[in-house]
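**Q** One structure is given below, represented as structure tokens, and several questions about it will come after.
Bear in mind that the values in this text are calculations on the coordinates, not laboratory data. For clarity, every value in this text was computed on a predicted model and none was experimentally measured. Cβ: placed from backbone, ideal geometry, glycine included. Neighbour counts: every protein chain shown.
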């Protein structure tokens, strides 16, 4: 049996999202619906939508290189989130560019 090849990931994004009061369910629904777009992104290796607290959410995604990370930042998920931000988010998303220094394949 062979092990599937998983590209090495060296870049990631860690995004913190705070929903406006009463909008947490809509933010969660948005993030759940974004999985289809994430699957279509060829250069996004992993994509996770997270619930951190009652109104706090996050996204963690990984990329093999900087070009993949940049493509994601300018892709359809980011555009859709920014379009919904005035309606759903209490503050602008906090986007951190993270370099991965070790990972379990």
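**Q** Calculate, axis by axis, the spread of Cα positions in the chain along the three principal axes, and write the results as whole Å, longest axis first.
**A** Here the spans come out as 48, 26, 25 Å, largest first.
**Q** Expressed as an acute angle from 0 to 90° and rounded to the nearest 10, what is the orientation of the C-alpha long axis of helix 24-33 relative to the principal long axis of the chain?
**A** Between the helix axis and the principal axis of the chain, the angle is about 30 degrees.
**Q** Let me ask something else about it. In nm, give the distance between the simple-model label positions of residue 33 and residue 66, each being 7 Å from the Cα along the Cα-to-Cβ direction.
**A** 3.5
**Q** Ok, one more. Beta carbons within 10 angstrom, averaged per residue: use that to sort the peptides 71-84, 88-101, highest first. Kindly include the intermediate steps, with their values, before the conclusion.
**A** On the way: 71-84: 15.4, 88-101: 12.5.
Final packing ranking: 71-84, 88-101.
**Q** I would also like to ask the following. How much mean residue ellipticity at 222 nm does the chain get from its helices, if each DSSP H run of length 4 or more adds -39500 (n - 2.57) and you divide by all residues, to the nearest 500 deg cm²/dmol? Show your work: numbers first, answer last.
**A** Details: 4 runs with 37 residues, N = 105.
One gets -10000 deg cm²/dmol as the mean residue ellipticity at 222 nm.
**Q** Take every Cα pair under 8 Å in the chain that's 6+ residues apart, average their separations, divide by the length, and report that relative contact order as a whole percent. Spell out each step's value before the answer.
**A** Working: 163 pairs, mean separation 46.5, N = 105.
Averaging sequence separation for qualifying contacts and normalising by length gives 44 percent for the chain.
**Q** Suppose the chain between residue 43 and residue 82 were pulled fully straight at 0.36 nm per residue; how much longer would it get relative to their current alpha carbon spacing?
**A** Working: separation 39, 0.36 × 39 = 14.04 nm, distance 2.06 nm.
Length difference between fully extended and current span is 12.0 nm.
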